[in-house]
Amino acid sequence: GKRAFIAGVADDNGYGWAIAKSLAAAGAEILVGTWVPALNIFESSLQRGKFDESRTLPDGSLMEITKVYPLDAVYDCPEDVPEDVKANKRYAGSSNWTVKEVAECVKQDFGSIDILVHSLANGPEVGKPILETSRNGYLAAISASSYSFVSLLKYFAPIMNPGTFLFLRHLLYPFSSSFKNIVKLSLVLISGGATISLSFIASERIMPGYGGGMSTAKAALESDTRMLAFEAGRKHQIRVNSISAGPLKSRAAKAIGS
Ligand code: NAD
């Protein structure tokens, strides 16, 4: 079976949880990365059986989460963590939660993964129109919602199982017989590692209320998806995609205005 790491699961309301369930139903082993400040409540709710009903898979069994890793995807390595965060009680209570360390821990525990899901975003000023967004708020949105994917890919790609390139030869039949058949070759990457992130239509259309630089962050995420697919496809033989998801009443969405 495949092994999946889903970054951005802290309750049973969001996309990360739903994706984890679909992957579990398809037979994948599930590892999740949970934002450090939300870790205790998520783990205790899980243990107390609070999620048992929503953990139920189509065959009646319960989704098993093999391991929950604390994660803060705005920090790449311990040297990046400011003193006040290090000293914060919730952060000091866990360890190895920077992106690089989480990837190292997953490697130590399991060796490799097949699927990486980025289902996280944060925009501290999401409720403010972009015209009133501070530089810090804007950069924080990009850091948590866009660069976090670049960083995850950077550190997880080396432990993802590579796929193989396949040449597909298409014959394009012209309508008129006076044309010669045109042969088209395309290179596709099949099986092996797959990564995905979740975007939102506000990246390309005006969505009042999706402020604080979050629209910018999703545009960056989509642009990065193209570049990263090109780079990581060649370097690591893994696929990179993004899905523009519809509106869902998750915890994160509640912070967004009308
Ligand atoms: P969610 O609250 O379930 O997921 C967001 C998660 O990100 C939370 O678990 C939160 O703890 C985590 N997180 C925040 N900052 C983090 C950090 N620095 N490090 C690690 N984790 C962090 O909400 P959701 O709406 O399911 O969001 C998942 C993804 O789907 C996001 O990228 C979101 O933008 C996207 N999306 C959501 C909607 C929607 O309507 N809900 C629509 C389109 C796209």
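Residue-level analysis places D84 outside the set of residues that are modelled with pLDDT of 95 or more, within 15 Å of the ligand (Cβ to nearest atom) and of a type in the set (D, E).
Counted as qualifying within the range 60-121 are the helices (runs of 4 or more DSSP H) with 1 or more residues that are acidic (D, E), namely 83-87, 99-110. With respect to the conditions (1) under 18 Å from the mean Cα position of the chain (by Cα); (2) at pLDDT 95 or above; (3) more than 15 Å from the ligand (Cβ to nearest atom), G233 falls short on a single one, namely (2).
Within the range 46-75, if we keep just the residues that are over 26 Å from K2 (Cα atoms) and within 14 Å of the ligand (Cβ to nearest atom), the residue that is surrounded by the fewest Cβ atoms within 10 Å (Cβ to Cβ) turns out to be V74.
Residues of the range 129-140 that are more than 10 Å from the ligand (Cβ to nearest atom) and buried (at least 18 other Cβ atoms within 10 Å of the Cβ): T133, G137, Y138.
The values are calculated or read from the model by the stated rules, or taken from the named source; none is laboratory data. Keep in mind that this is a model prediction, so the values were computed, not measured. Note: ideal-geometry Cβ built from the backbone for every residue, glycine included; neighbour counts use all protein chains shown.
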